[in-house]
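J.: Right, I'll just put the structure down here and ask away after.
The values are calculated or read from the model by the stated rules, or taken from the named source; none is laboratory data. Being a predicted model, the structure only gives us computed values, none of them experimental. Ideal geometry is used to build each Cβ from the backbone, glycine not excepted, and the neighbour counts take in all protein chains shown. Surface accessibility is based on the protein's heavy atoms, side chains included, excluding ligands, DNA and RNA. Shrake-Rupley method; radii C 1.70, N 1.55, O 1.52, S 1.80 Å.
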Amino acid sequence: MELSQRLRVVGDFVTQKTVADIGTDHAYVPIYLHRKGEVEKVIACDINQKPLEKAQQNIKAYHAENIITTRLGNGLQPLQPNEVDTIIISGMGGMLIIELLEQSQKVINTTKELVLCPHLDVPAVRKYLHKIEYCIVEEKMISEEGIFYTILRAIKGKQKYNKEIEYLFGKILLDNKDTVLKQFVSSEKKRLQNIKKQLYDKKTEQSQKRLQEILQYQKLIEEAEKWLYCAKKL
């Protein structure tokens, strides 16, 4: 089974023995966890029947039926409180991840660990984790086929960042002067330059408002660069 770098990191972030993989698709991550031999139970959940049928075939092919079970349902709704210690949600937008977590607070309250890989709105996910009293203890950013992904691991506990750029780019990544984050910041800087050129030529009220937003984001980019490239953090 060929696993993408993104899914491999997601699997490697899991530290608990009982796991639920939400939006499991073909159960690649549960099978990876089974093959590592570090889990006792994995519940593979998906909202669609066809992916689950393929997941069941894959589980059987890897003789993992004693460890991995499948459940049909939306988000965390197939789960009961105290069933698992780790919940994985990967391959969805950040706002959808927040919505799914919000809908299942009773399950989240009995979970020890969240492993999340939002494809969009990562800063909003960081803020939401702090809101529901989860600490972000591990982050990794990867670049795969030209797309940047951030994987987060959070455990129960109170935490709050002091600066907006810590939510925007990830305090752990900034403190570690992460190489891939440097690439992401550089690419964002170039992207903003191109947008600015287009907006400067337009005189509409909407374009000028958008320009101000871009200029504000550019300041945060510059602040992040100082953090990443200076000997001491700000």
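J.: Give me the net charge for the shell around LYS127: Cβ to Cβ below 11 angstrom, other residues only, Lys and Arg +1, Asp and Glu -1.
T.: Value of the local net charge: 0.
J.: How many angstrom lie between the Cα centre of segment 153-200 and the Cα centre of segment 29-70?
T.: Each part reduced to its Cα centre gives a spacing of 34 Å.
J.: May I pose another question? Taking R0 as 30 Å, what's the FRET efficiency between GLN193 and SER4 from their Cβ-Cβ distance, rounded to 0.05?
T.: 0.45
J.: Could you tell me which of the pairs LYS36/LYS171; LYS131/LYS190; LYS140/LYS202; LYS163/LYS190; LYS140/LYS189 are separated by over 27 angstrom between their Cα atoms in the structure shown?
T.: Checking Cα-Cα distances, LYS36/LYS171; LYS131/LYS190; LYS140/LYS202 exceed 27 Å.
J.: Suppose R0 equals 22 Å; then what is the FRET efficiency for CYS135 and LEU220 from their Cβ-Cβ distance, rounded to the nearest 0.05?
T.: FRET efficiency, CYS135 to LEU220: 0.45.
J.: Once the whole set of protein chains is in place, how much accessible area is left on MET1, using a 1.4 Å probe, in Å² to the nearest 10?
T.: 70 Å²
J.: Then there is this: With a 1.4 Å probe and all protein chains left in place, how much of the accessible area of the chain comes from carbon and sulfur atoms, in whole percent?
T.: On the chain, the fraction of accessible area on carbon and sulfur atoms equals 48 percent.
J.: Further question: What accessible area per residue comes out for segment 58-162, rounded to a whole number of Å², with a 1.4 Å probe?
T.: 48 Å²
J.: Note down the net charge around LYS17, summing +1 for each Lys or Arg and -1 for each Asp or Glu among other residues with Cβ under 9 Å from its Cβ.
T.: -2
J.: Using the Cα centre of segment 131-224 as the reference point, and only Cβ charges (+1 on K/R, -1 on D/E), how large is the resulting charge dipole? Debye, rounded to the nearest 20.
T.: 280 debye
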